[in-house]
Each structure stands twice: as structure tokens, then as C-alpha cells.
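Asks: My questions will all concern the structure given below.
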Amino acid sequence: MEKHDGRDAGQARAGDPRDPWYDALASGWGELDGTGAPAPSVPPQAGPERSASAADIYLEVQRSAAFQEVRGRYRRFVFPGVALFFTWYVAYVVTATTAPGLMARPVAGSVNVAMLAGLGQFLTTFLLTWAYARHARLRRDGAALDLRWAVFEQKREQDQQREQDAKREESLRREQELARGSER
């Protein structure tokens, strides 16, 4: 059992859905826990107003210039990369089927053009993967994390405002009940 008092009692812990870096899909919930039973799931957020306000936040973030910049950086890398790799792949397949003599031409010993081109396919796959990961790390991850943190902060502020409003309503309701009680 965890102890919830002390200096960090109000802070989000690892695996806590309130943590901006928490990823519910990667947390393992909904999967089998090793005993054959599903692991406990994260309870859904209550109330239609919570999802509406969260949707508003996400729509606001989606319209933001920072989000558009992150998406633009993604597109500027991925579309040309996919186009080049697909062109290279199709060129390999078309050449292999239409020019078997060219592909069978020996380069060194029993190594022919087809073998080198096939190995080149593997090499370019790994190079493209490395380039994508590097581009994401250097050009997008920081900005995306800043956006994620901004969304987390907005949601936290809304939750705090909602809690304050609920406390005020409860206080007003109690005052009204006390006023009714003193009238009798």
C-alpha cells in the first residue's frame, strides 16, 4: 500500500493519469496481467462537461501556431522521405522484372547488381529510420512536449476552477439550508 501523506502528497506519481507524460496506451492497462485476468483500467473521467472542456482545449491547441509548426516539420520530413523511398523501392522491383539481364550482371565474384540493390534496400530502410528518429528528437519532440505540458496545465487550471466552483456552490447551498432552518 502506498503512503499518500508527506511532502509530495499532492504531486502526480509515475503512472498517474494526471502526469503530462503519462501514456495510457503504453501503460499496459487493459492487457493481461500475467494471471490471465485483465490489468485494472484507468477509470474514465466523469461528467460530460469534463470531456467538452478537454475537447475545447485540444481544439485550441490544434489551432495554435506551435502545433501547426510541429505538424509542418513532420510533414516536411515524412512526405519527401516516403516519396524517395517508395520511388527507390518501385525502381528496384521494376528493374528486377523488366531488365533481368542488368540485375544479373556480376559485380564481384558471385555478387551481382540485384544483390547489391537488395542490400541497398535494407541499408536505406535503416538509414531512413535513423534519420526519422534523429529528426523527431531534434526538431519535434521538444516542441511537442511543450505543447503537451501546456495542455496539461490548461486542464489542471480548469479542474481547479471547477473544484472552486463546486466548493462555492456547496457553500451557498449550506448557507441557504441554514437560512431556511433559521426561518422555521
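Asks: Taking the condition surrounded by 13 or more Cβ atoms within 10 Å (Cβ to Cβ) and of a type in the set (S, T, N, Q), does Thr124 pass?
Replies: On the way: surrounded by 13 or more Cβ atoms within 10 Å (Cβ to Cβ): yes; of a type in the set (S, T, N, Q): yes.
So Thr124 fits the description; yes.
Asks: A further question on this structure: Based on this model, can you work out whether Phe79 counts as open to solvent by 70 Å² or more (accessible area, probe 1.4 Å), modelled with pLDDT of 75 or more and among the aromatic types (Phe, Trp, Tyr)? Can you show your working first?
Replies: Values: open to solvent by 70 Å² or more (accessible area, probe 1.4 Å): yes; modelled with pLDDT of 75 or more: yes; among the aromatic types (Phe, Trp, Tyr): yes.
For Phe79, the condition - open to solvent by 70 Å² or more (accessible area, probe 1.4 Å), modelled with pLDDT of 75 or more and among the aromatic types (Phe, Trp, Tyr) - is met.
Asks: A further question on this structure: If Leu172 satisfies every condition in (1) surrounded by fewer than 11 Cβ atoms within 10 Å (Cβ to Cβ); (2) in contact with a strand residue (DSSP E or B) (Cβ under 6 Å, 6 or more places away or on another chain) but one, which is the exception?
Replies: Among (1) surrounded by fewer than 11 Cβ atoms within 10 Å (Cβ to Cβ); (2) in contact with a strand residue (DSSP E or B) (Cβ under 6 Å, 6 or more places away or on another chain), Leu172 violates only (2).
Asks: Quick one: which residue in Ala66, Ala104, Ala99 is modelled with pLDDT under 95, under 30 Å from Ala143 (Cα atoms) and exposed (fewer than 14 other Cβ atoms within 10 Å of the Cβ)? Spell out how you get there, then give the answer.
Replies: Values: Ala104 fails: under 30 Å from Ala143 (Cα atoms); Ala99 fails: under 30 Å from Ala143 (Cα atoms).
Ala66 is the lone residue from the list that is modelled with pLDDT under 95, under 30 Å from Ala143 (Cα atoms) and exposed (fewer than 14 other Cβ atoms within 10 Å of the Cβ).
Asks: Continuing with the same structure: One residue is enough: does the stretch 53-72 have a residue meeting the conditions among the hydroxyl-bearing types (Ser, Thr, Tyr) and farther than 25 Å from Leu145 by Cα? Steps first, answer last, please.
Replies: Initial filter on the stretch 53-72 (among the hydroxyl-bearing types (Ser, Thr, Tyr)): 53, 58, 64.
Cutting the leftovers down to farther than 25 Å from Leu145 by Cα gives us none.
No, that holds for no residue.
Asks: Go through Val113, Val151 for me and flag whichever is in contact with a Leu (Cβ under 8 Å, 6 or more places away or on another chain) and surrounded by 12 or more Cβ atoms within 10 Å (Cβ to Cβ). If you could, list the steps in order and put the result at the bottom.
Replies: Working: Val151 fails: in contact with a Leu (Cβ under 8 Å, 6 or more places away or on another chain).
Only one candidate qualifies: Val113.
The values are calculated or read from the model by the stated rules, or taken from the named source; none is laboratory data. It should be emphasised that the depicted structure is a prediction, and the values quoted were computed from it without experimental measurement. Heads up, the Cβs are rebuilt from the backbone with ideal geometry, glycines too, and the neighbour counts pull from every protein chain shown. Accessible surface areas use protein heavy atoms only, side chains included; no ligands, DNA or RNA. Shrake-Rupley method; radii C 1.70, N 1.55, O 1.52, S 1.80 Å.
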